[in-house]
Amino acid sequence: MIWPVVDLSHETKWELEMMRLLRLLYSLVDGYSFQKPGFLCLTVCLIYGSSVAVSYAQESAPSESQAQGSQVKQTSDSSASEKAGSSESFQLPEGLVWETNDTDPTFADSRAKKGGTYYYYLQSFPVSFRRVGPNSNSEIRGLIYDENALNLVELHKNSGRYIPGLATHWAVAKDNKTVYFKLDQRARWSDGKPVTVEDYVFTLEFMRSPHIVAPWYNNYYTEVIVDVKVHAKDVISVVSGKKHVKDVLIYKMSFSPVPKHFHKLDKDWVKKYNFKIPPTTGPYSLSRFKKGKFIEFSLNKDWWAKDLKYYKYRFNFHRKHYKVIRDQEAVWQHFLKGELSYMGVTIPEWWHKKATGELYDKGYIKKLWFYVDKPSGAQIIWLNKDQVHWQDKKVRHAFGHALNFKKVIKEVLRDEYTRIQSFYDGYGDYSDESIRFREYDVDKVKTLMQSSGYALDKDGVWQKDGKKMTVQILYRSQHHQDRLVVLKEEALKAGFDLQLDYRDSTTGYKMIQEKNYDVLWVRYGLSEVPPPVYWEYWHSENATKQTNNLTNTKDPQLDKLIDSYRETFDTKKKQELSREILRYIHEDGSFVPGLLNPFIRLAYWRHIQFPKVPGTRLFGPVMDDIAWIDEAAEVELEAYKKEGKSFGPSVVVDSTYKVDIKDKATEKTQKTK
């Protein structure tokens, strides 16, 4: 059957959100990012900053002209209502401190030009365009919603502070559960209709509806976001089910609305809306697609936020075309033919070997090595303590000393990577920089294993009660095999028989969910919003299937620390507890700190241009955000290719945000002293 090309440019458009790193993780960052189903581990960070506080107290919220208003008594004659998700007016509390941020520098480039087409790929065509419901968690979902929808507030990609999104101002109540938002009255859906308070109220109804067949969202918008209240035509409050420290509360309560005028909830919603495209608050609209072949987005020239400070000179491509290419080698060949705009080449073999040759020597394709500076997940080895041999702490410590990551970094990764020291590095005062990973040390392994009753057999492998210390390590990234081979060889010298168990993404994911592994090698997003989280990874309540407690840790003492940490709202105390938890789980030894690459590497065609600093501190060089096409350079490139002329090679290493981890630890230690 031949599917027709569907043109939607005159009917519906798409959502776009400023944080667009997620779908690039596999291609840009070296490895998979595993996360609990339904959870969206956005690669966004609130690093030490906060937004600019402006005190207001008035009948509604600050107007645009009151950017630096004075504090007056809060009054309101609005009647209160207790109905959850009600569009009735609620009275604002007195003494709210409204905040905004219009002082952080911009990171886009005023030289950017609109135009041209950005080409990339999808590994498969989605079976649904829906935001939620059955089969909605596909590769395209990020492009359509999670990376594309403007939230109430966004994060500045350099400072990590909040900036206006669909709200111009925000205020946190003293109850540590409620955030008030002053909505930007200029915000429009792509069909021209205004974004109203009714859309936010409807979002609660929509996400709780049984008709969307999305239990996780039903629960999240019932237990995490428990209410949305209207206080004026441009003011809402969002209420959390639990207390949180300020920055986390704002982050959790900021969401993207659902257009009320577009959806009709009934028992047939899943089927009727499977390939319907809702209006959006963002710059791009899905304009064409051919099932099984491609999807294309077009720039919304009348985007309501196009001239606002933090969005100007961004989102410059007129079109974004995504072709379905299932085979990775075929993807590479499409790129070399000029049919894709760029490739992620962070993997050492790709950067040093694959991304070489005439096209690079002549400068037709440029290479960029960009350092980022943010808290991030790393390649961590998780020990499943449901396995008997990992229930002995000395054995766990011995295994940590049996893994020679130093040799992997030197011989496989060209000394370009590093190791994380603890479960959470780079989280300011929430991290404990005194913690150090266990170095490869055969003698320490021997001492620990013998003290636990193990002895080396004729093959040089530890055994106890006739059972060999054979370790099965589950992994899902084939290009990590060379690293694991080195670890296997070195572990055997220390008496551990390491068996490599590669599974494809689908099978491996199922095994992870069922906790069906001995040892797990996986890149994990972890918590990227200070303060870090521990409950989902380490609390006994999650030592079951389908959770993120990948070590199946069940420790009452650790539970008490985590419970105290969650219940504490004093920042200093919370930081102390965080460091204590980090020391505790380090001593427990049920995970082994792994590899970290604090950079992103790209290969891209010459006519694509980046700002002078070609990326942001937290997100790096996200092409379809800050890059643009130089049409004159595109014409010149084609002429050079036709004549075989050379520009000369172009390799840029940008260290603007490079941070030496050792120097950072030294600085932290000196500060503590």
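The values are calculated or read from the model by the stated rules, or taken from the named source; none is laboratory data. In this text the structure is predicted, and so the values were computed from the model without any measurement. A quick note on method: Cβ atoms are made from the backbone with ideal geometry, for glycine too, and the neighbour counts reach across all protein chains shown. SASA here: full protein model, heavy atoms, side chains in, ligands and nucleic acids out. Shrake-Rupley method; radii C 1.70, N 1.55, O 1.52, S 1.80 Å.
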Discussion item. Spelling out what I want: for every residue of the range 448-462, take phi, set θ = phi - 60°, compute 6.51 cos²θ - 1.76 cosθ + 1.60 (Karplus), and round to whole Hz; glycine and proline get x.
Written reply: 5, 5, 5, 5, 9, x, 8, 9, 7, 8, 5, 8, x, 10, 5
Worksheet item: Can you give the accessible area of ARG476 in Å² (nearest 10), computed on protein heavy atoms with a 1.4 Å probe?
Response: 20
Worksheet, complete the sentence: Taking a ≥ b ≥ c as the square roots of the Cα gyration tensor eigenvalues, with a/c under 1.5 meaning rounded and otherwise prolate when a/b beats b/c or oblate if not, the range 267-322 comes out oblate
Fill in: Separation of alpha-carbon centers, the range 325-339 and the range 457-518, rounded to whole Å
32
Fill in: Average accessible surface area per residue within the range 270-393, 1.4 Å rolling probe, Å²
38
Item to complete: For GLN333 and GLU94, calculate 0.36 nm times their separation in residues minus their Cα-Cα distance, and state this gained length in nm to one decimal.
Response: 79.8 nm
Discussion item. Run through the range 444-532 and list the GluC sites (Glu not before Pro) located in a DSSP loop whose Cβ has at most 11 other Cβ atoms within 10 Å.
Written reply: GLU514
Discussion item. For a quick check of understanding: with a 1.4 angstrom probe and all protein chains in place, what accessible area in square angstrom does LYS354 have, to the nearest ten?
Written reply: 70
Discussion item. From the protein chains alone at 1.4 Å, what is the descending order of accessible area for THR553, THR356, largest first?
Written reply: THR356, THR553
Worksheet entry | Length-normalised contact order of the range 204-346 in % [C-alpha pairs under 8 Å, at least 6 apart] | 14
Worksheet item: Label-point separation (nm) for ARG111 and GLU638, each offset 7 Å from Cα along Cα-to-Cβ?
Response: 2.3
Item to complete: Quick one: net charge around HIS321, please, counting Lys, Arg +1 and Asp, Glu -1 for every other residue with C-beta under 12 Å from its C-beta.
Response: +3
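Give the ranking of TYR313, TYR120 by solvent-accessible surface, highest area first, calculated with a 1.4 Å probe.
Values: TYR313 85, TYR120 5 Å².
From most exposed to least exposed: TYR313, TYR120.
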Worksheet item: Mind listing the phi-derived Karplus ³J(HN,Hα) values for the range 554-567, rounded to whole Hz, using 6.51, -1.76 and 1.60 with θ = phi - 60°, and x for any glycine or proline?
Response: 10, 9, x, 5, 5, 4, 4, 4, 5, 4, 5, 4, 5, 8
Worksheet item: To the nearest 0.05, what FRET efficiency results for SER505 and VAL613 with a Förster distance of 41 Å applied to their C-beta separation?
Response: 0.75
Response to the item:
Heavy-atom accessible area with a 1.4 angstrom probe orders LYS193, LYS177, most exposed first, as LYS193, LYS177
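Beyond a 20 Å Cα-Cα separation, which of these cross-linked pairs lie in this structure: LYS114/LYS612; LYS193/LYS276; LYS293/LYS354; LYS394/LYS446; LYS468/LYS493?
On the way: LYS114/LYS612 17 Å; LYS193/LYS276 18 Å; LYS293/LYS354 27 Å; LYS394/LYS446 11 Å; LYS468/LYS493 15 Å.
The answer is LYS293/LYS354.
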Fill in: FRET efficiency, ARG186 to VAL127 (Cβ-Cβ, R0 35 Å, nearest 0.05)
0.45
Item to complete: Would you grab the residues whose amide H sits under 5 Å from the one on TRP98? Only those 5+ places off in sequence or on another chain, please, with H modelled 1.01 Å from N.
Response: VAL54, TYR56
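Using 0.36 nm times the number of residues separating LYS406 and HIS211, minus their current alpha carbon distance, what extension gain do you get?
Details: separation 195, 0.36 × 195 = 70.20 nm, distance 5.29 nm.
Stretched fully, the LYS406-HIS211 segment lengthens by 64.9 nm.
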Worksheet entry | In sequence order, calculated HN-Hα J values of the range 650-657 (Karplus, 6.51, -1.76, 1.60; Hz; x Gly/Pro) | 9, 10, 10, 10, 9, 9, 3, 10
Fill in: Percent carbon-and-sulfur accessible area, the range 535-673, ignoring ligands, DNA and RNA, probe 1.4 Å
49
